[in-house]
Amino acid sequence: MPLPDSYLEYPHRSHGMDQDRYGWDPADRRAPITLKSGIKTHANILIPLEFFPLDPAAKPFKHPGAMQTPYPDLRHFTTRDYGNRVGVYRLLEALAEANVKATFAINAEIAKRYPPLLTAIKEAGHEIAAHGVSTSHIHYEDLSEDEERAYINTVRETFPDAVTWMSPARNESTRTLDLIKEAGFDICLDWEADTRPLMMHTQHGDICALPNYNELSDFKLLLDRSQSEREWIKQIKDAAEYQVSLFEKEGASSFAFTLTPYILGQPFRIHAVCEMLKSLQNIDGLAFSTASETALDFSEGTS
């Protein structure tokens, strides 16, 4: 039976995008850009510090890192807690040895429970990004606007100086960008639609979305796909070298990837972090930057 004509009718169909957050700007049709800093590719390291309740809410879904076995799932709970008590300090040491600054995406609940950890991160000169209330406070369409605004206001009160936002599980409602911009956040780490920052339109002005590649997530590669640490290092390095190699053709670029404390802070993996940092530091034209440093460099225009 043939499909009815109505199946192919779509009111938003037109040349370009079918949404109004960002415009039609494919990589093969835009002019390359050169940053005043001279950097060819910004590499943003994101370190998520998250609170995982023993009895997580399942609406609209459980966070990918949430508890997996029946309550109380102490095995997964204590592994996550190990990341916040032990693993993160190994990452801080590795970053200090390499003289690299990262962006730490922190739940408001973590800030309340581990204030000395926030002090250590700030004193080391890293950026703090707001990462929602907790892994049980997912942003999604069935939240009312007042409920979602209350989540964001709680986070804003916890991190009054933060300019960067990343949603729990990187999940948004159709209102999230408007609401976080309303709350004073200027940078968002939920999106991965390009190889350079995208200016996303909101009701309260533009917000800068930095490319954050899920395909380079340590959770995705090391846990979901069971790849080795050696493969992980190579994939991060390959991605960095490839983006730098496109500079003459496409201009300056950026990308972000995660170092999760309960994954890469393990004693049998921390060596891979140190090796990855050294490998990327040897790439001419690439620079490790915080999210806000990257956004500022692109906003200051071309040389």
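Please treat every number below as a calculation from the coordinates, not as lab data. Keep in mind that what you see is a predicted model, and the values were worked out from it rather than measured. Cβ coordinates were reconstructed from backbone atoms using ideal geometry, including for glycine residues, and neighbour counts include every protein chain displayed.
Give the residues of segment 272-291 that are of a type in the set (S, T, N, Q) and crowded, with 20+ Cβ neighbours inside 10 Å, sorted by residue number.
Selection gives SER289, THR290.
Does VAL100 satisfy being within 18 Å of the chain's Cα centre (by Cα), more than 22 Å from CYS188 (Cβ to Cβ) and part of a loop (DSSP other than H, G, I, E, B)?
It is true that VAL100 is within 18 Å of the chain's Cα centre (by Cα), more than 22 Å from CYS188 (Cβ to Cβ) and part of a loop (DSSP other than H, G, I, E, B).
Conditions: (1) touching a residue at least 24 places away in the same chain (Cβ under 8 Å); (2) surrounded by fewer than 22 Cβ atoms within 10 Å (Cβ to Cβ). GLU147 meets all but one. Number of the miss?
Result: GLU147 fails condition (1) only.
Farther than 30 Å from GLU300 by Cβ and among the basic types (Lys, Arg): which single residue out of ARG170, ARG113, ARG196 fits that description?
ARG113
Scan (1) more than 19 Å from THR258 (Cβ to Cβ); (2) in contact with a Leu (Cβ under 9 Å, 6 or more places away or on another chain) for the single condition LEU210 breaks and write down its number.
LEU210 satisfies every listed condition except (1).
Restricting to segment 7-45, and then to whatever is of a type in the set (Ser, Thr, Tyr) and surrounded by 13 or more Cβ atoms within 10 Å (Cβ to Cβ), can you tell me which residue is nearest to SER217 (Cα to Cα)?
Going through the qualifying residues, I end up with THR41.
Which one of these is in a loop (DSSP other than H, G, I, E, B), small (Gly, Ala, Ser) and surrounded by 20 or more Cβ atoms within 10 Å (Cβ to Cβ): ALA162, ALA193, ALA169?
Result of the check over ALA162, ALA193, ALA169: ALA162.
If you take the residues in segment 26-58 that are without any contact (Cβ under 8 Å) to a residue 40 or more places away in the chain and acidic (Asp, Glu), which one is nearest to SER134 (Cα to Cα)?
Looking at residues that are without any contact (Cβ under 8 Å) to a residue 40 or more places away in the chain and acidic (Asp, Glu), I get ASP55.
For segment 63-115, which positions are crowded, with 16+ Cβ neighbours inside 10 Å and of a type in the set (Asp, Glu)?
ASP73, ASP81, GLU109
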